[in-house]
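Only one structure is covered here, and it is reproduced in the block below.
The values are calculated or read from the model by the stated rules, or taken from the named source; none is laboratory data. Note that the coordinates shown come from a computational prediction; the quantities given were computed from them, not determined experimentally. Using ideal geometry, Cβ is built from the backbone for each residue, glycine included, and neighbour counts are taken over all protein chains shown. The accessibility values were calculated without ligands, DNA or RNA, using every heavy atom of the protein model including side chains. Shrake-Rupley method; radii C 1.70, N 1.55, O 1.52, S 1.80 Å.
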Amino acid sequence: MGRIIGIDLGTTNSVAACMEGREPRIIINEEGGRLTPSVVGFSRKRERFVGDVAKRQMLIYPESTIYGVKRLIGRRYGEAQAELSRLAFRVAPTGGDEIGIEVDGHVYSPQQIASFILSKIRKSAEDFLGEPVTEAIVTVPAYFNDRQRQATKDAGRIAGLDVLRIINEPTAAALAYLTQRKKSATIAVYDFGGGTFDISILDVDEDVAEVRATCGNTHLGGSDIDNRVVDWLLGEFKKANGVDVSGDKMVRQRLLDAAERAKMELSTALETEIHLPFLTADEAGPRHLQTVLTRSTFEYLVDDLLTATIDECEKALNQAKCAPEDVDEVILVGGSSRIPKIQAMVKALFQRPLNKQFNPDEVVAIGAAIQAGVLGGEVSSVTLLDVTNFTLGIEVEGRRFAPLIPKNSTVPVVRSQLVSTVVDSQRVVKIHVLQGEGKWVKDNVSLGEFELTNVEPAPRGVPRIEVTFTIDTDGIVNVNAQDIRTGAQNSIVIHSPTSMTQDQVDESRRQIAAMDAGSDEDAEGRRLREEVEQQLYGLESFLRAHKLRLKKKDIFDGEQALKRGRMALVKKAKAESLRELQAYLTRFHGHISEKISAGTGVAVGVVED
Ligand code: AMP
């Protein structure tokens, strides 16, 4: 068995780590970096780039550069629609309300895009370790629902990685803490990244990390902050120039880039100058953007976003039944936690200094590597007790939802509930398993259903049927129903209610291969067009140079050949016709060249002095 790697698949950046002996180590990517931008770019030549190269082309080709796919993975088009309109690339609904990402006429699923990032990480890890890598632990925000988790696993499978376990990002950070500090404590992990926010309260002991509560928002991150700054810049530009440039995608991308840089600078400086020459142009000439953003204006612009994270912290403390002063240490994770105002707010809430010992960009990947080490046997003594992120229960009379395992229960967990029939002599009971926090069935996600038959005939409410839910450490749910009097029972195992089948994974890989082959075809077409263009240029020059010595018929034929060739280029003829045309041009050019040589008797080259 090869080494298992830990991957923090981030909205903005991804990081991989592995155990080297007993020490976790960051895997250096092919460009020599520790972070790989989670960006996939497609060039005009339809080549695919991932990471730094893709990020660099974002300004020039915003429509074919895909970023922030983590915010799309495992989500339905309908529920993500509001955010989708802000993206620079095209997103369209595909069958079953799935999200499709369209680049140059090809449609990719978010899982496929994420698989390109994972493939790059896998390749970097293989180069770094000098051995094949096929297994990984991948982290996700604590607030990812089951669909998002499964989609992340599927992305791994498409990339040829068996995702042995998905762990929550804050839990991973706690693992890193635990292995370094080796002392009992209640800790809070405040994780504010590029696209998501998570807060977890955990009890850590020498070798156990137990999550007490976890809260957060999968749609709150650094990119929302950047968008606020972009809106402000658009307003400033309009004030100064009277021009609204909000509809121009290229301009928006430049503004986003400048906004992120300004935001980062304001983490250390009190003000920053934003200068974007030639942002747009009209009859009056080029228009430039030049302005100053102060830290206090910035803080005012994003105040509600920062406050929303503090609200989630308070919720988590409540759910953990813990006062802020009961928390011994607060660990900051994620790039956005570098914002000074955030640090001040978190410090004020918990009333203690913040632990800045860990690199907020890397600590999650380090934790994932430690978990990989536990599975691989390099790390022996860490037990991870995670919690359920959603309430699990069953449907009861009146289309209502009856919770059995509340959210934030520590897994593994077993819970039972007695249910009964609702009509006299009812022989069959349907157990419908649901996940969510809604009061009604329609407000929750259906995970599956099964029937218990042969219930003993009796007046309604008399039979006693015990429904037992079991969740193991991998989050696999087993539901069993048993008629207590007769012992009749039935059960269902919910492994991965929304994951892809192996056939679907294979089909997804085939689609990518076909699209890649398609791009090879395009490359071939481009090469042929360039060659034909050169041939036409050569033929035209030849006809011009020998106009006086060629017969009228040859000149006419030559002009026809040029016309035919140019028409084929304009009409973007297929590779096959281009090849035929090439052959014809070669033959024709050869034929009239021969005639010229024959006319002169002996062909000689001109000697120029
Ligand atoms: P992560 O998802 O943890 O990689 O975090 C990426 C997010 O952190 C992006 O939105 C970055 O713009 C943001 N970020 C990185 N460094 C800083 C900084 N110094 N100040 C503010 N935000 C930052």
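Under the criterion of Cα pairs below 8 Å and six or more residues apart, the relative contact order for the chain equals 12 percent. Against the main long axis of the alpha-carbon atoms of the chain, helix 575-600 sits at an angle near 20°.
Cα gyration tensor of the chain, axes a ≥ b ≥ c as square roots of the eigenvalues: rounded (a/c below 1.5), prolate (a/b > b/c) or oblate?
Taking the square roots of the gyration eigenvalues as a ≥ b ≥ c, the chain is prolate.
One chain, two ends: F450 and A545. Fully extended at 0.36 nm per residue, the span grows by 25.7 nm beyond their Cα-Cα distance. Close amide H contacts of A142 (hydrogens built in the peptide plane, cut-off under 5 Å, sequence separation of 5 or more or a different chain): E169. For the stretch 32-79, the square roots of the Cα gyration tensor eigenvalues, ordered a ≥ b ≥ c, give a/c of at least 1.5 with a/b no greater than b/c, which places it in the oblate category.
Taking amide H positions as modeled 1.01 Å from N, with prolines and chain starts lacking one, the residues under 5 Å from G216 and 5 or more places away or on another chain are I199. In terms of the mean number of neighbouring beta-carbon atoms within 10 Å, the peptides 79-89, 134-144, 325-335 order highest first as 134-144, 325-335, 79-89.
Can you compute the FRET efficiency between E271 and T383 using 1/(1 + (r/R0)^6), with r the Cβ-Cβ distance and R0 = 60 Å? Round to the nearest 0.05. Approximately 0.80, to the nearest 0.05.
One decimal place: the segment R415-Q511 gains 30.2 nm when fully extended, by the rule 0.36 nm per residue minus the C-alpha distance. Phi-derived couplings, Karplus 6.51 cos²θ - 1.76 cosθ + 1.60 at θ = phi - 60°, listed residue by residue for the stretch 535-545: 4, 5, 4, x, 5, 4, 4, 4, 4, 5, 5 Hz, with x used for Gly and Pro.
The stretch 92-139 and the stretch 387-412 have Cα centres lying 32 Å from one another.
Electrostatic bookkeeping for P93 treats Lys and Arg as +1 and Asp and Glu as -1; over the other residues with beta carbon under 13 Å from its beta carbon, the sum is -1.
From Cα pairs below 8 angstrom and at least 6 apart in sequence, can you work out the relative contact order of the stretch 4-155, rounded to a whole percent? Relative contact order, the stretch 4-155: 26 percent.
For the stretch 176-237 and the stretch 554-578, what is the separation of their Cα centres, given in Å? With the stretch 176-237 and the stretch 554-578 each reduced to a Cα centre, they are spaced 62 Å.
Contour minus end-to-end for H288 and D472, with contour as 0.36 nm per residue of separation and end-to-end as the Cα-Cα distance?
Taking 0.36 nm per residue and subtracting the Cα distance, the gain is 60.4 nm.
For helix 295-319, report the angle its Cα long axis makes with the longest principal axis of the Cα atoms of the chain; keep it between 0 and 90° and round to the nearest 10°. Long axis of 295-319 versus the principal axis of the chain: about 40 degrees. Among the listed pairs K551/K571; K238/K263; K70/K120; K563/K595, those with a Cα-Cα distance over 25 Å are K551/K571. If the reach is capped at under 21 angstrom between alpha carbons, list the lysines near K442, excluding any in the same chain fewer than eight residues apart. Counting by Cα, and skipping residues close in sequence, K442 has these lysines nearby: K407, K430.
Hey, what angle do you get for helix 552-570 against the long axis of the chain, alpha-carbon based, 0 to 90 degrees rounded to 10? With both axes taken from Cα atoms, the answer is about 10 degrees. Taking amide H as placed 1.01 Å from N in the peptide plane, L447 has its amide H under 5 Å from the amide H of V433, L434, Q435, each at least 5 places away in sequence or on another chain. Please work out whether the stretch 299-420 counts as rounded, prolate or oblate from its C-alpha gyration tensor, where a ≥ b ≥ c are the square roots of the eigenvalues and a/c under 1.5 means rounded, while otherwise a/b larger than b/c means prolate and anything else oblate? Since a/c reaches 1.5 but b/c is at least a/b, the shape of the stretch 299-420 is classed as oblate. Expressed as a whole percent, the accessible area of the chain that falls on carbon and sulfur atoms is 50 (1.4 Å probe).
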